[in-house]
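The values are calculated or read from the model by the stated rules, or taken from the named source; none is laboratory data. Just so you know, these numbers come straight off a predicted model, no measurement behind them. Note that we place each Cβ from the backbone using ideal geometry, even for glycine, and neighbour counts take in every protein chain shown.
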Ligand code: BGC
């Protein structure tokens, strides 16, 4: 178990003050990260927090952003925590959860690999008195006490509207659209699709756009996305726009388009504002991405987790209906932002990616052009 270092800095104080304390005072400080930390603890003893991330391949975000921001938030709050990555392995996911609970985790935060296996993990944790949080992905039919994410239908709406904007800029006439959807087992992928189909379907219906191939990518696997898109383009060489559900899938499509010298001509969408996605936008190969301020998501989830670890019963700002069970899950949902060439600079200004990592080599001149200073 990785130990958090206690900080009684402003962040920790703010966090503590903003929470509603429901648990009684506890004199037991043994769960604090270190003895020295315990004596300096701003509040009562906290339990341990376990976090399981899904993989490190379907998106760069999990290891580069989520892990970092969650870690920072836990350190600031001075709680003990353990963040692990299941690397796409569902059995390993359950094993990690079991180990975390054996090692004393009283709060478990998960990004499920699918709702079925996620539900098993959540139910088992709950039966052992562990408080649970669904992070980013809602586990359908699950039992998480809280859900923290973005408005994922809105993410999809921004992608659909973004593709329309790029096709309009290119004065595309009756463009054939390919849809490269996320994993069929990820509830978010369903919500993204609801969002972008809400924009595209009326255009298919009116004949303004032509519906082309439409396929899901198992586990958001970027390599499979390349194979799938290659087949799409072989079957339908006149694809004129690609709704790719995240930057990884978008990059896979761009690689295939490059082979046909179609990159830059066929707009491709994305999501996550990864360095690669932003560079593809700067290069003109990707039309847009959706920036989700992961720091806000991690902070909101950490705030709930820390409160739960202290035995409090935090209140969430809203709720989301689980489409499978009908349960209203107390939730925090944040707002996503569409990013185009001219707004890549917003992501840098927000500190999500640095100019140093983005503006390397051939991207330096593009960065200047895009106003990134
Ligand atoms: C997340 C996306 C991510 C995708 C693949 C989704 O559930 O919301 O940000 O790109 O999973 O990891």
Residue 144 vs (1) out of contact with any helix residue (DSSP H, G or I) (no Cβ under 8 Å at 6 or more places or on another chain); (2) closer than 21 Å to residue 62 by Cβ; (3) in contact (Cβ under 8 Å) with a residue 60 or more places away in the chain: all pass except (1)
Which of the following residues is out of contact with any helix residue (DSSP H, G or I) (no Cβ under 7 Å at 6 or more places or on another chain) and more than 27 Å from residue 293 (Cβ to Cβ): 213, 218, 237?
-> 237
Contact list, first residue from the range 169-186 and without any contact (Cβ under 8 Å) to a residue 24 or more places away in the chain, second anywhere and assigned to a strand (DSSP E or B) and more than 16 Å from the ligand (Cβ to nearest atom), beta-carbon distance below 9 Å, six or more apart or interchain, is 173/240
Go through (1) crowded, with 19+ Cβ neighbours inside 10 Å; (2) over 18 Å from residue 327 (Cβ atoms) one by one and return the number of the condition residue 122 breaks.
-> (2)
So the helices (runs of 4 or more DSSP H) completely within the range 287-373 holding 2 or more residues that are more than 20 Å from the chain's Cα centre (by Cα) are 294-309, 355-358, 363-369
Note: among 309, 338, 273, just one is touching a residue at least 12 places away in the same chain (Cβ under 8 Å), under 25 Å from residue 80 (Cα atoms) and buried (at least 18 other Cβ atoms within 10 Å of the Cβ), namely 309
For the range 222-236, does any single residue satisfy the condition of being over 24 Å from residue 259 (Cα atoms) and in contact with a strand residue (DSSP E or B) (Cβ under 7 Å, 6 or more places away or on another chain)?
-> no
Only one of (1) away from the ligand (no atom under 16 Å from the Cβ); (2) in contact (Cβ under 8 Å) with a residue 40 or more places away in the chain; (3) within 22 Å of the chain's Cα centre (by Cα) does not apply to residue 155, and that is (1)
Pick out the one residue from 169, 151 that is at pLDDT 95 or above and farther than 22 Å from residue 265 by Cβ.
-> 151
Subset of the range 281-290, residues surrounded by fewer than 24 Cβ atoms within 10 Å (Cβ to Cβ) and at negative phi, comes to 282, 283, 285
